[in-house]
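Working notes for the structure below.
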Amino acid sequence: MIQFLRVDHRLLHGQVAVSWFNALDVNTILVANDGVAADDFRKSAIRLAKPEAAKLVMKSIDESIASINSGVTDKYNLLVVVESVGDAYKLIKGTNGKISMLNLGGTKQREGTTNFSKAINLTAEEVEKLQELQKDAIDVFIQQVPNEKKVNFEA
């Protein structure tokens, strides 16, 4: 069962691996990312950030959707980490209501982005996707670490 979905361009690092894993009632981290799924070097680097008590799974977005929809992930309490709003959008839309929230943890400043918080920079297209998710009753919020105040996303 998915407990938490986080967008973080850094994927798995100390903040996610330690803070969020320990604060949530999770036992498994799913890194859903097409690039990582196809890159053994990136997989090795991500394994270094994994908390000792965590089970770590790395799959493409499509493989992640298939696993979640098949029910094979139901026995785990999952923290899912994706790299982008686009990946989160695809994952949420592809899993038919199995994900009810989206944590915006970090998106890089890029050309054409607007800054929404100290670590959230979004394109107009990303903002539209987030607003659509909100219309679908997805709780979209900004929160870097668990002890920081949760701020609802507003465009």
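Based on the mean of other beta carbon atoms within 10 Å per residue, what is the order of 34-44, 4-14, most packed first?
Final packing ranking: 4-14, 34-44.
Relative to the longest principal axis of the chain, what angle (0 to 90°, nearest 10) does the C-alpha long axis of helix 61-70 take?
Helix 61-70 sits at roughly 70 degrees to that axis.
Can you return the lysines within cross-link range of LYS90? Criterion is Cα-Cα under 23 Å, with same-chain partners fewer than 8 residues away left out.
LYS43, LYS59, LYS75, LYS98, LYS108, LYS129, LYS135
So what is the relative contact order for the chain, in percent, with contacts set as C-alpha pairs under 8 Å and at least six apart?
29 percent
Counting only DSSP beta bridges with both residues in the range 77-155, what percent are antiparallel, rounded to the nearest 5?
Among the beta bridges of the range 77-155, antiparallel pairing accounts for roughly 55 percent.
Under 12 Å from the Cβ of ILE61, count the other residues' Cβ atoms, weight Lys and Arg +1, Asp and Glu -1, and hand me the total.
Summing Lys and Arg as +1 and Asp and Glu as -1 gives -2.
Can you give me the % of accessible surface on the range 1-97 that is carbon or sulfur? Probe 1.4 Å, all protein chains present, nothing else counted.
About 49 percent, which is the carbon plus sulfur part of the accessible surface.
Can you give me the orientation-averaged projected area of the convex hull built on the Cα atoms of the chain, in nm²?
Answer in nm², one decimal: 8.5.
Within the set of other residues whose C-beta is less than 14 Å from the C-beta of THR107, count the net charge using Lys and Arg as +1 and Asp and Glu as -1.
The answer is 0.
Give me the percent of DSSP beta bridges within the chain that run antiparallel, rounded to the nearest 5.
Close to 20 percent.
Measure out, as a whole number of angstrom, how far apart the alpha-carbon centroids of the range 132-153 and the range 1-51 sit.
So the two Cα centres are separated by 19 Å.
If you roll a 1.4 Å probe over the heavy atoms of the protein chains, what accessible area per residue do you get for the range 40-155, in Å²?
Ligands and nucleic acids excluded, the result is 55 Å² per residue.
Under the rule a/c < 1.5 gives rounded, and otherwise a/b versus b/c splits prolate from oblate, where does the range 109-155 land using the Cα gyration tensor?
Oblate shape, in that a/c is at least 1.5 and b/c is the bigger or equal ratio.
Report the percentage of all Cα-Cα pairs in the range 65-155 whose separation exceeds 22 Å, rounded to a whole percent.
28 percent
Evaluate 2.2 N^0.38 Å with N set to the residue count of the range 8-80, then give the Cα radius of gyration divided by it.
1.04
Please compute the contact order of the range 99-155 in relative form: average sequence separation of alpha-carbon pairs under 8 Å and at least six residues apart, divided by the residue count, as a percent.
Taking the mean separation of contacting Cα pairs over the length of the range 99-155, I get 35 percent.
What percentages, rounded to whole numbers, describe P(r) for the range 61-118 computed over all alpha carbon pairs with 10 Å bin width beginning at zero?
Reading the bins upward from 0: 19, 50, 22, 9, 0.
What order do you get for 90-96, 76-82 when each peptide is scored by the mean count of other beta carbon atoms within 10 Å, highest first?
So the peptides 90-96, 76-82, ranked by packing, come out 76-82, 90-96.
The values are calculated or read from the model by the stated rules, or taken from the named source; none is laboratory data. Not measured: the values here are computed from a predicted model. Because the Cβ atoms are built from the backbone with ideal geometry, glycine has one as well, and the counts that use them run over all protein chains shown. SASA here: full protein model, heavy atoms, side chains in, ligands and nucleic acids out. Shrake-Rupley method; radii C 1.70, N 1.55, O 1.52, S 1.80 Å.
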